[in-house]
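Q: Here it is, the structure, as structure tokens.
No lab work stands behind these numbers, since they all come straight from the coordinates. Nothing here was measured: the structure is a model prediction, and the numbers come from that model. Heads up, the Cβs are rebuilt from the backbone with ideal geometry, glycines too, and the neighbour counts pull from every protein chain shown.
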């Protein structure tokens, strides 16, 4: 995606004479050499590791009688030792892709091994503990080997752990275990930062959003929806505030914090729309939703495409919704849009003036 | 700390990481195996009546659900008071052998029960319970509610249950943890269950 756009832009700049052909080639080569960039070999290696790990898990699940179970335990332990030592040698040689694959097999095999022991002794009711142990082992492995691939495994295990919790407790809130999902999300974000597995970040954010959605199913009240909308917007504004300490932390996290905090706010607004159907409260809610979308575009619209499109979509959906339910009367809705249109036009006029002044200042400084 | 991490992530350090991670996994698995094997070899033996069915676990494969007579504990058997508030709690039950050879609940408590001769104390898994009335039964689990079988082998056990008696012999440790020893159809063990 980004590589395609980069290549197009570079050839455009070369065409305009802004950039030499050699520099453009060197820039593209630098991008391709980054570990996070797409490499077919690396992806196939990861897919192979996932397939092999799944094969191991299924052999365990089949409870195959032909192999005595002590041999099965011994075999899987031998496999764990083998893949970890092989991964260590690969890393020492600099073969990170192969090492990542081996470590994924190692982390998954532990789940197989612990399930095998559960099967041997007919254990039940320990599924949650197993998930905690498995997640912990994956986390330790990801830290010690600084492996992005294992961080991804930990991300998926955090989902599996939450799923096991929901299934075992009929989605009720019981004890302290529900806190494990956000805790695991924080740990996964930590792993992502430490190992550089940028894309695994979304696993943690999606887990948090799923957890919040679950909270709403527990307490279907306006207060919770309002908390999502206000809390989400507050976090979103915080990502745009130029406080030096926060700003550097957020910038290193990319587009995700702004997008996901805005997404929580949008979910909050959506839930509020389900709760509030008419009257002056709907007018306030409608104006607040439109204002939130405009604010989102104003704060992050330029640099954050995901936020921009979510804000466009929210704005458009809100307009259509208000037009279809009609606030009071058709004339009432019309005057609401008239008022909103004037306010947005005023904001647009001020923003354009500010942007002009900024760009004039920037050019003045350069000259 | 960071220099230690840097050392780990280079040359020989990776080998140390490998040994730590694989060693830790071995240790966890070994601990679980040993704790279970020790209940099997040293625990007190009890025999329980069941009624199985046949689902599948994603990771552990086919199993037979075991629903015991002692899974349903009458509130009347509770001694030492019933907690008034709603919450997560653990139940200790005292089992005693009946004339037919099966063991049944004679007493239960939300506090640890003192040992008595010819009885075995079993500890339930933590469970969530609301307000309890005198005539109620409590649903409790002991961590022995599944018997894993080789793929596709659950049906015969289910059929055997319909014809005769399926019983489970269980070993119980001193702290009340239960461990399945064998599944019996008409008094005979269906599978060998070695210690390891």
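Q: In degrees, nearest 10, range 0 to 90: what is the angle between the Cα axis of helix B:154-163 and the longest Cα principal axis of chain B?
A: Tilt relative to chain B: about 10 degrees.
Q: Could I ask something else about it? Considering the zone a paramagnetic label at residue A:6 would reach in this model (a point 7 Å from Cα along the Cα-to-Cβ line), which residues of segment A:175-214 have amide N under 16 Å from it?
A: A:198-199
Q: Separate question: Output the Kirkwood hydrodynamic radius of segment B:3-72, Cα pairs only, in Å rounded to one decimal.
A: 16.6
Q: Taking the Cα atoms only, what angle lies between the long axis of helix A:69-93 and the longest principal axis of chain A, rounded to 10 degrees?
A: 60
Q: Something else now. Within 10 Å of each Cβ in peptide A:61-73, how many partner chain Cβ atoms are there on average? Round it to a whole number, please.
A: The per-residue average across the peptide is 4.
Q: Run through the DSSP bridge list for the protein assembly as shown and note the antiparallel percent, rounded to the nearest 5.
A: 95
Q: Another one. Let me know the Rg and Dmax you get for segment B:44-189 when you use only its Cα atoms, in Å.
A: 15.9, 46
Q: So if we plug the beta-carbon distance of residue A:206 and residue B:90 into 1/(1 + (r/R0)^6) with R0 = 30 Å, what FRET efficiency do we get, rounded to 0.05?
A: Plugging the Cβ-Cβ distance into 1/(1 + (r/R0)^6) gives 0.30.
Q: Among A:157, B:195, which comes first, second and so on when ranked by fewest other beta-carbon atoms within 10 Å? Don't jump to the answer; show the numbers that get you there.
A: Details: A:157 24, B:195 12.
The order, fewest Cβ neighbours first, is B:195, A:157.
Q: To continue, here is another question. If each of residue B:99 and residue A:62 carries a label point 7 Å out from its Cα toward its Cβ, how far apart are those two points in nm?
A: For the pair residue B:99/residue A:62, the computed spacing is 5.1 nm.
Q: Separate question: When a footprinting reagent is the concern and you count Cβ atoms within 10 Å, what order do A:273, A:84, A:202 take, fewest first?
A: Fewest to most other Cβ atoms nearby, the residues stand as A:202, A:273, A:84.
Q: Of B:86, B:149, B:185, which has the largest mean-square fluctuation in a 10 Å C-alpha GNM of chain B?
A: Residue with maximal mean-square fluctuation among B:86, B:149, B:185: B:86.
Q: Could I have the simple spin-label model distance between residue A:156 and residue A:324, label points 7 Å from Cα toward Cβ, reported in nm to one decimal?
A: 3.8
Q: For chain B, what does -39500 (n - 2.57) per DSSP helix run (n ≥ 4), summed and divided by total residues, give at 222 nm, in deg cm²/dmol to the nearest 500?
A: It lands at -8000 deg cm²/dmol.
Q: Nearest 500 deg cm²/dmol is fine: what mean residue ellipticity at 222 nm does chain A get from its DSSP H runs of n ≥ 4 alone, each adding -39,500 (n - 2.57), divided by its residue count?
A: -28000 deg cm²/dmol
Q: Then there's this: Need one value for A:82-91: mean number of C-beta atoms belonging to other chains within 10 Å of its residues' C-beta atoms. Each step should come with its number before you reach the end.
A: Numbers: counts 2, 3, 10, 5, 1, 6, 11, 3, 1, 8.
That average works out to 5.
Q: What ranking of B:119, A:239 emerges when the number of other C-beta atoms within 10 Å of each C-beta is taken as an exposure proxy, fewest first?
A: B:119, A:239
Q: In peptide B:124-130, what is the residue-averaged number of other protein chain Cβ atoms found within 10 Å of each Cβ?
A: That average works out to 2.
Q: Rank B:176, B:143, B:61 by mean-square fluctuation in a GNM of chain B with C-alpha springs under 10 angstrom and give only the top-ranked residue.
A: B:61
Q: Additional query: Return the ratio Rg/(2.2 N^0.38 Å) for segment A:27-178, where Rg is computed over Cα atoms only. Before the final figure, lay out each step's value.
A: Values: Rg = 17.4 Å, N = 152, 2.2 N^0.38 = 14.8 Å.
Against the empirical 2.2 N^0.38 Å value, I get 1.17 for segment A:27-178.
Q: Mind checking which of B:28, B:20, B:144 has the largest fluctuation in a GNM of chain B, springs on alpha carbons under 10 Å?
A: The residue with the greatest mean-square fluctuation here is B:20.
Q: Here's another thing I want to ask about it. Relative to the longest principal axis of chain B, what angle (0 to 90°, nearest 10) does the C-alpha long axis of helix B:12-42 take?
A: In chain B, helix B:12-42 runs at an angle near 20 degrees to the longest axis.
Q: Stretched out fully, how many nm does the piece from residue A:215 to residue A:356 gain, at 0.36 nm a residue minus the Cα gap?
A: On the way: separation 141, 0.36 × 141 = 50.76 nm, distance 4.52 nm.
Extra length available between residue A:215 and residue A:356 comes to 46.2 nm.
Q: Can you divide the C-alpha Rg of chain A by 2.2 N^0.38 Å and report the result to two decimal places?
A: Rg over 2.2 N^0.38 Å, computed on Cα atoms: 1.25.
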